[in-house]
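Beneath this line is the structure, given in C-alpha cells, with notes to follow.
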C-alpha cells in the first residue's frame, strides 16, 4: 500500500517526508505495487546512514519490511542463513550469537537493517558484512525480474558495493544469504577485544565487549541524533603516510590493499581541535570526533556546513580530504 506525505524515519532526527511511501512485506507485494509508484524512486532501510538534505522527497520512497530469518543449509562446519532485507541488523546478530553461529558478533549494535548492511558493507572492530555474505537476492526494478548476486558480483570494498550508486541502485535488495561458522572462530584483532580473558571467551562475551565499546564511544540514536560514523577513514599512499608520520609519529594507521595505508579520520578531526565543536544545532560528538550529531533542532544545512568545515580543516592541516560515509539525499 502506498502512503502519502509520510515521515521518513532517520537516526539523525531530521525532518523528512515522503510524498509517497511504499512499505512491502513480500516480493509479490512489491511487484504488485511498484507499477503504481510515481518516480523517482528511493529505497531506504532504517534511515541509519542517511542525511536528508531535503525536507520532502518527491516520487516514491520504498521500505523493505520482509523480516523473516531462516536456516536454509547446514553441515558439520557451517550454516547458511537467509534474512529478509527488513530485519533489524542487531536482531540478526543477536539471533546468530544465541544459536552459536560465528561471524556476525563483531558487528553487534550497528544500527540499520540487513538490506542496508549489504549495500553499505558495514564494518566494525576488524570485521565487515562482506566477510559473511554469500549472496544477495534482489529485484531488478527495470525488468521486474529477480536477480541473485554472488558475493564477488557485489563488488564489495571499504564501505562500498555495487548497490550503493549508479546502475546498482535499480536493484532493490529483498534478502541476504549469510554463511556462518559452527566451529569457534573469533576475530579479536581490534584492541579492546584482546582484553577478553581466554577462559571467558565466547560469542556472548565478544558481543558484550563490542556493545560496551560502542556505547562508550558512540551516541545512542534515540538520545542524540546521528548517522554513526559520518566520514570514512581515508586511505593514502605509503609515501603520503610516511610524510605525515614524520610530523605525527603517534598517528594511528592500518594496512590497506595495494601497499596503501588507512588513517583514522576521527584522530585527525580531533587533532584539529574539533571534538565537541558546534555549528548551530549540529556538532562534532564530544566522545568520538568521527561522528556528527544533532544536538537538538539541527537542520540539514547546519550538518552539511559543519561537515564542509571539518573537511576543510583536516585538508588544511594534513593534506588529506575526508569523504562522507553517510549517503546524502538531495531529492527523491
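The values are calculated or read from the model by the stated rules, or taken from the named source; none is laboratory data. Computed from a prediction, not measured in an experiment: that's the story for all the values here. Every residue, glycine among them, receives a Cβ derived from its backbone with ideal geometry; neighbour counts consider all protein chains shown.
Brief remarks on what is shown
- Checked against (1) buried (at least 21 other Cβ atoms within 10 Å of the Cβ); (2) assigned to a loop (DSSP other than H, G, I, E, B), residue 62 passes all but a single condition, namely (2).
- Checking the stated criteria, residue 216 turns out to be modelled with pLDDT under 95 and over 20 Å from residue 15 (Cα atoms).
- Residues of the range 179-189 satisfying the condition of being part of a strand (DSSP E or B) and either surrounded by fewer than 17 Cβ atoms within 10 Å (Cβ to Cβ) or under 17 Å from the mean Cα position of the chain (by Cα) (or both): 181
- With respect to (1) assigned to a helix (DSSP H, G or I); (2) surrounded by fewer than 18 Cβ atoms within 10 Å (Cβ to Cβ), the lone exception for residue 251 is condition (1).
- Total residues in the range 257-287, condition modelled with pLDDT under 95 and on the phi > 0 side of the Ramachandran plot: 2
- Qualifying residues in the range 295-332 (those that are farther than 21 Å from residue 272 by Cβ and surrounded by 14 or more Cβ atoms within 10 Å (Cβ to Cβ)) - the one modelled with the lowest pLDDT: 332
- Test: residue in the range 74-97 that is at pLDDT 95 or above, over 26 Å from residue 202 (Cα atoms), in contact with a strand residue (DSSP E or B) (Cβ under 7 Å, 6 or more places away or on another chain) and part of a helix (DSSP H, G or I): no
- Output for the range 124-153, where each listed residue is at pLDDT 95 or above and under 20 Å from residue 290 (Cα atoms): 127, 128
- Considering residues of the range 141-153 that are assigned to a strand (DSSP E or B) and surrounded by fewer than 16 Cβ atoms within 10 Å (Cβ to Cβ) only, the residue farthest from the chain's Cα centre (by Cα): 145
- Hits in the range 154-177 (condition: closer than 26 Å to residue 204 by Cα and over 17 Å from the mean Cα position of the chain (by Cα)): 177
- When each of 18, 53, 37, 83 is tested for being within 30 Å of residue 182 (Cβ to Cβ) and either touching a residue at least 24 places away in the same chain (Cβ under 8 Å) or assigned by TED's automatic domain parsing to the domain that holds residue 204 (or both), the lone residue that passes is 83.
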